[in-house]
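Okay, structure first, notes after.
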Amino acid sequence: MRNLLLYLIIIVAISTSTVKGQAPVNDTPQVLEKLYGRLLSNYVDIDRLRINDSIRFIIDSYVKSDTVFNHRFKNLRYLGQITSPDSLLKIVTWNLVLGSGQSRYFCYFIRKTEPGKENRIYRLTSTYREDQVTTDTVYAEPDWYGALYYDIKPYIINDKKCWILLGIDYGNPFISRKIIEVLSFTPDASIIFGKKWFASEEKIKFREVFEYASNGMMSLRFSSDISIVFDHLVPFSPALKDDRQYYGSDYSFDAYNFENGLWRLKINVDARNKE
């Protein structure tokens with residue numbers, strides 16, 4: 001408890017010494033690294049929650065700064081930080097694993113608005129859940145399913161701005177999920193997840209969700225502005241078909257290619273770098 005109070009004192013000092021228009025002080029990455037280290041080494045949920053509150057205190061101050069789009073914390077393995085190529089959207093995210101089973105995702109979306117106005121900040125949280133992320137509906141901020149996003153690209157469709165996100169979800173102890181998501185904003189600036197944009201097997205989905213064994217690995221990446229490439233997933237044996245906790249890569253690749261206004265699934269593509 002004494003050490004936790006010491007960290008809180010340090011955090012308050014950092015927050016009060018960061019003035020508007022300046023980058024966070026140099027000690028902030030070290031403090032975050034120590035806090036994330038304490039999350040890994042501490043096995044008591046109540047202490048993990050307190051440590052995570054300290055992390056949220058720092059990140060909340062950080063995302064409000066004028067320099068958030070120009071600054072990136074380096075060498076922080078457990079903090080996701082991505083900025084869209086158009087520099088209009090930044091995502092900061094991490095997850096908190098708890099022994100009680102109520103593990104959680106924390107995500108900040110920072111959106112640039114009109115010049116001279118403050119950035120708009122969205123703070124999302126979600127508890128791990130085993131239920132599948134559905135592909136036939138949109139999600140809003142209150143019912144966000146939770147994920148860690150690791151890549152982003154902007155697109156304009158029908159004169160409307162949106163962003164494709166690539167993410168991963170560890171919410172099921174037996175199944176990992178990777179997700180191709182579409183993020184957009186309503187006229188009143190609310191977040192919307194999903195767009196009926198992914199054509200697969202005679203159906204058009206709002207997002208694509210891949211499920212595979214939690215101890216396995218799967219690649220999912222942008223190959224270009226019009227192609228998203230990923231591992232082809234198969235069951236470990238024919239008898240395990242449709243049981244996704246026994247699915248993994250067969251080392252071939254599929255892709256979604258943007259054609260005629262839709263992302264269309266193509267099986268067995270050559271994913272090698274043409275250069």
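Before moving on, here are some points about what is shown:
- The chain: relative contact order in percent, alpha carbon pairs under 8 Å with at least 6 residues between: 10
- Of PRO235, PRO29, PRO115, the one that fluctuates the most in a GNM where the chain has Cα springs shorter than 10 Å: PRO115
- Max mean-square fluctuation residue, GNM over the chain, Cα-Cα springs under 10 Å, options LYS64, LYS160, LYS205: LYS160
- Gain on full extension, evaluated as 0.36 nm per residue between LYS203 and VAL97 minus their Cα-Cα distance, stands at 34.6 nm.
- Whichever lysines have a C-alpha closer than 28 Å to that of LYS74, once near sequence neighbours (fewer than 8 apart) are set aside: LYS20, LYS34, LYS64, LYS90, LYS112, LYS117, LYS153, LYS178
- 3J(HN,Hα) along segment 123-137: 10, 10, 9, 8, 8, 3, 9, 7, 4, 5, 6, 7, 10, 10, 8 Hz, from the Karplus curve 6.51 cos²θ - 1.76 cosθ + 1.60 with θ = phi - 60°, whole Hz, x for Gly and Pro.
- Inter-centroid distance (Cα atoms) of segment 56-106 relative to segment 196-251, Å: 27
- Given their separation in residues at 0.36 nm each and the Cα-Cα distance between them, ASP131 and SER190 gain 18.8 nm when the chain is fully extended.
- Candidates GLU130, GLU211, GLU202: whichever shows maximal mean-square fluctuation once the chain is modelled as a Gaussian network with Cα springs under 10 Å: GLU202
- Backbone N atoms of segment 73-90 closer than 18 Å to the 7 Å Cα→Cβ label point of MET217 belong to residues 77-78.
- CD proxy at 222 nm, helix term only [per DSSP H run n ≥ 4: -39500 (n - 2.57); per residue of the chain; nearest 500]: -6000 deg cm²/dmol
- Under a 5 Å amide H cut-off, with hydrogens placed 1.01 Å from N, GLU208 pairs with ILE180 among residues at least 5 apart or on other chains.
- The phi torsions of segment 105-111, fed into the Karplus equation with coefficients 6.51, -1.76 and 1.60 and a -60° offset, translate into couplings of 9, 10, 9, 10, 9, 10, 10 Hz, rounded to whole numbers, with Gly and Pro shown as x.
- Taking P(r) over Cα pairs in 10 Å bins from 0, in percent as calculated from this structure, the corresponding entry among (1) 6, 21, 27, 24, 15, 6, 2, 0, 0; (2) 6, 26, 32, 24, 10, 2, 0; (3) 7, 30, 37, 20, 6, 1 is (2).
- Computed over segment 119-275, relative contact order equals 16 percent, with contacts defined as Cα pairs under 8 Å that lie 6+ residues apart.
- Amide H partners (placed H, <5 Å) of SER223, local residues excluded: ILE228, VAL229
- Projected label points at ILE156 and ASP47, each 7 Å from Cα along the beta carbon direction, are separated by 5.3 nanometres.
- Spin-label model distance (nm) - LEU40 vs ALA140, 7 Å beyond Cα toward Cβ: 4.0
- Taken one residue at a time, the phi angles of segment 144-153 give Karplus couplings (6.51, -1.76, 1.60, θ = phi - 60°) of 3, 6, x, 6, 9, 8, 10, 7, 7, 9 Hz. Gly and Pro are set to x.
- Loop-resident sites, segment 198-275, for chymotrypsin sites (Phe, Trp or Tyr not before Pro), counting at most 15 other Cβ within 10 Å (DSSP): PHE236
Every read-out reported here was derived from the displayed coordinates using simple, explicitly stated rules and does not represent laboratory data. In this text the structure is predicted, and so the values were computed from the model without any measurement. All Cβ positions, even for glycine, are placed from backbone atoms using ideal geometry, and neighbour counts span all protein chains on display.
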